[in-house]
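The values are calculated or read from the model by the stated rules, or taken from the named source; none is laboratory data. The model shown is predicted, which means the values in this text are computed figures rather than measured ones. Here the Cβ positions follow ideal geometry from the backbone for every residue, glycine too, while neighbour counts run over all protein chains shown. The protein model used for the area step is the full one, side chains on, heavy atoms only, and it has no ligands, DNA or RNA in it. Shrake-Rupley method; radii C 1.70, N 1.55, O 1.52, S 1.80 Å.
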Amino acid sequence: MQRRWSVCTLLRLAGIIALFAAMIGAAPEARGRVATMGQIDETGALPLYVIPQATRASDSNPGTHTLPLKTIARAVALSTENGLKNKATRILIAPGSYHESIDLPKETHSLPLIFEAIPGAGNVVLDGAEIWRDGWTREGKTDRYSHPWPYKWGTAPNPLESQGVQIEPIVRRKEMLFLNGSRLDQVMNDWELKPGCFSAAEDQKKLTVMLAPGATFPRNGAEVSLRETLLHSDGRGNLILRGITFQKAGEGVRIANADHLLVENCRFADNNGAGLAIERCKEVAIQGNVADANGGAGISVDRIVALVMEGNETSYDGWRETRNRSEMPVFAGLKAAHVHQGGIRRQISRYNTSVGLWLDEDNRDVTIDKCRLEDNGRDGARVEASEGPIDFKKCFVRGNRVGLTLDSSAKVTLDGNAFVGNQQAQISVLGHHGQGRRVENWETGDQFIVHPDKITLINNTIAATDA
């Protein structure tokens, strides 16, 4: 992502044919490469049961249904032993809340490892927060309550500083606090406190909460997020996550440098950063998941070859960006960068603070199909610094600040979409003073210049209102 410059065309229903005849003139290039996902062979995987509420549960058990384990971490350790025997592992997890962080070890084998909620039994939640019941002190007769704060997490560096994008310090903080299940807004200093907010003063070693009018401090205390990442994997392929909720941590799940991944029917909620982040992987399938109310991106994918996304929802994400003053977007419900060969289908992105669906730099051979992108704070969809080809078809884009922004991107075909009732523009095309945008192919290292070129519209409905 880079700062956008001044060449801007706003496309509306009136005059659209004449405008594009002058601007494009070229027929779309041939399509056809669609991401495919090889199946992960789950047959023969040895089951390990995690049922901590069982009377005989113990981490010294073998992990059978009658002698189950108490922790997921112990199941992971036993899966390594299974791998030495050339056996895949299925970790079956009973309903409940698990206050654990899982860091998967690298393995020399490629045997599948499956994390799965026991089907039909109830919700499995990996929770990054701890309940602080004791130690709270009311400050006089005020609505302020304080608690000792032993952590010095500081402010994360600005990852976009080199690109001239400002990210305010409050956006880069890591602390989160929940009262009665609701997240409180954070401020940087005690003197900024207002009802329904909290501050974490590292210099004073104090956490302070200011209650909303009429509220009382809950008897069961506050939930304080303490875990950085609930599940982290670097270099572990043939990995499946199924039916699990990851919530209230720094990040939900981060996976890197692996082939053959499947994430399905999971939920990523109330995390400070990304709900699900996957980078430098091949053959990735993400389907049927919900990522909501995360401070960063709901789902972030970066440097992926062969991506299939089907039937996911990312809504109410990017709330950290609410406090940012930059005109450039930072987060998105779904943010995909450097995707080579991908399909995003039936994606729902609604009420995100910034962008609903964002293809950010070096995306090629990507199809976006039958998506609903509504009521997002900035763009419903954004395609930036991407060489294409990109097919955007049969999508419904409504109620965003801008329906679709094409920023320094080429070989984009818009086919059979509806852009209606977006506030500033239905479609916006941006360029860089005729210089184009320098992009690097992440797989080959080749560099090239991308201009807003070869953009084709077919059978779209474009209207300023949705009446």
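Assuming charge only on the beta carbon of Lys and Arg (+1) and of Asp and Glu (-1), the dipole of segment 160-239 about its Cα centre is about 300 debye to the nearest 20.
The distance between label points at Arg138 and Ala156 comes to 3.7 nm (points 7 Å beyond Cα on the Cα→Cβ vector).
Taking the Cα centre of segment 317-371 as reference, the dipole from Cβ charges on Lys and Arg (+1) and Asp and Glu (-1) amounts to some 300 debye.
Here the 3J(HN,Hα) profile of segment 447-458, calculated from phi with Karplus coefficients 6.51, -1.76 and 1.60 at θ = phi - 60°, is 10, 7, 9, 10, 10, x, 8, 6, 9, 10, 10, 9 Hz, Gly and Pro shown as x. So what is the relative contact order for segment 278-404, in percent, with contacts set as C-alpha pairs under 8 Å and at least six apart? It rounds to 20 percent for segment 278-404. Identify all lysines with a Cα-Cα distance to Lys152 below 22 Å; exclude those on the same chain that are fewer than 8 residues away in sequence. Excluding near neighbours in sequence, the set is Lys174, Lys205, Lys206, Lys248. Largest first, the three principal axis extents of the alpha carbons in segment 336-403 are 29, 21, 13 Å in whole numbers.
Only four residue types carry charge here, +1 at the Cβ of Lys and Arg and -1 at the Cβ of Asp and Glu. Report the dipole size of the chain about the Cα centre in Debye, rounded to the nearest 20. Let's see the in-between values first.
Values: 54 positive and 56 negative charges, 125 e Å.
For this selection, approximately 600 debye.
With 0.36 nm allotted per residue and the present C-alpha distance subtracted, the Leu84-Thr444 stretch has 126.1 nm of extension available. P(r) tail for segment 58-106: Cα pairs beyond 14 Å make up 52% of the total.
Calculate, in whole percent, how much of the Cα-Cα pair population of segment 376-433 lies beyond 12 Å.
Numbers: 1032 of 1653 pairs.
It works out to 62 percent of all Cα pairs.
Taking each pair of distinct Cα atoms in segment 256-403 once, what is the resulting Kirkwood hydrodynamic radius in Å?
Working: mean 1/r = 0.0688 Å⁻¹.
Averaging 1/r across every pair of different Cα atoms and inverting gives 14.5 Å.
Expressed in units of 2.2 N^0.38 Å, where N is the residue count, the Cα radius of gyration of segment 305-364 is 1.17.
How much net charge surrounds Val171 when only the other residues with a Cβ under 12 Å from the Cβ of Val171 are counted, with Lys and Arg +1 and Asp and Glu -1? Mind showing how you got there, number by number?
Working: positive: Arg172, Arg173, Lys174, Arg320, Arg323, Arg325; negative: Glu168, Glu321.
Counting the neighbours of Val171, the net charge comes to +4.
What is segment 73-191 by shape, rounded, prolate or oblate, if you read a ≥ b ≥ c off the alpha carbon gyration tensor as root eigenvalues and call it rounded for a/c under 1.5, prolate for a/b larger than b/c, and oblate otherwise? Because a/c hits 1.5 or more and a/b fails to exceed b/c, segment 73-191 counts as oblate.
Pop out the Kirkwood hydrodynamic radius of segment 164-267 from its pairwise C-alpha distances, inverse of mean 1/r, in Å to one decimal. All intermediate terms of the calculation are to be shown ahead of the outcome.
Values: mean 1/r = 0.0611 Å⁻¹.
Here the Kirkwood hydrodynamic radius works out to 16.4 Å.
Cα centroid separation, segment 52-99 to segment 163-203: 38 Å.
What ranking do 157-168, 313-324 get when scored by the average of other Cβ atoms within 10 Å per residue, highest first?
Working: 157-168: 13.5, 313-324: 22.7.
So the order, starting with the most tightly packed, is 313-324, 157-168.
The alpha carbon centroids of segment 364-402 and segment 450-464 are separated by 11 Å.
Whole number in Å², please: accessible area per residue of the chain, 1.4 Å probe, ligands, DNA and RNA not counted. Walk me through the numbers before you get to the answer.
Working: 19680 Å² over 467 residues.
Counting only protein heavy atoms, the per-residue value for the chain is 42 Å².
Stokes-Einstein diffusion of segment 217-336 at 25 °C, 0.890 mPa s viscosity, Kirkwood radius from Cα pairs, rounded to a whole number: 169 µm²/s. When the alpha-carbon atoms of segment 327-440 are used, the pair Rg, Dmax equals 12.6, 35 angstrom. Model label sites at Lys206 and Asp103, defined 7 Å from Cα along the beta-carbon direction, differ in position by 3.4 nm.
For segment 292-339, rounded, prolate or oblate, judged on the Cα gyration tensor with a ≥ b ≥ c (square roots of eigenvalues), a/c < 1.5 rounded, else prolate if a/b > b/c? Please list the in-between numbers first.
On the way: a/c = 3.42, a/b = 1.59, b/c = 2.15.
Since a/c reaches 1.5 but b/c is at least a/b, the shape of segment 292-339 is classed as oblate.
Rolling a 1.4 angstrom probe over the chain with all protein chains present gives an accessible area of which 49% lies on carbon and sulfur atoms.
Note on segment 218-285: dipole from Cβ charges, positive end direction compared against Asn238, Leu261, Asn220; the farthest Cα belongs to Asn220.
Against the empirical 2.2 N^0.38 Å (N residues), segment 101-140 has a Cα radius of gyration ratio of 2.12.
Ranked highest first by the average count of other Cβ atoms within 10 Å around their residues, in what order do 46-55, 242-251, 70-79 fall? Walk me through the numbers before you get to the answer.
Working: 46-55: 17.5, 242-251: 23.7, 70-79: 19.5.
For the peptides 46-55, 242-251, 70-79, the packing ranking is 242-251, 70-79, 46-55.
Just need the Rg to Rh number for segment 240-309, please, alpha carbons only, Kirkwood Rh.
0.94
Applying Stokes-Einstein at 20 °C and 1.002 mPa s to the Kirkwood radius of the chain, computed over alpha-carbon pairs, gives a translational diffusion coefficient of 91 µm² s⁻¹. On full extension, the segment bounded by Met188 and Asn257 gains 21.3 nm, given 0.36 nm per residue less the C-alpha separation.
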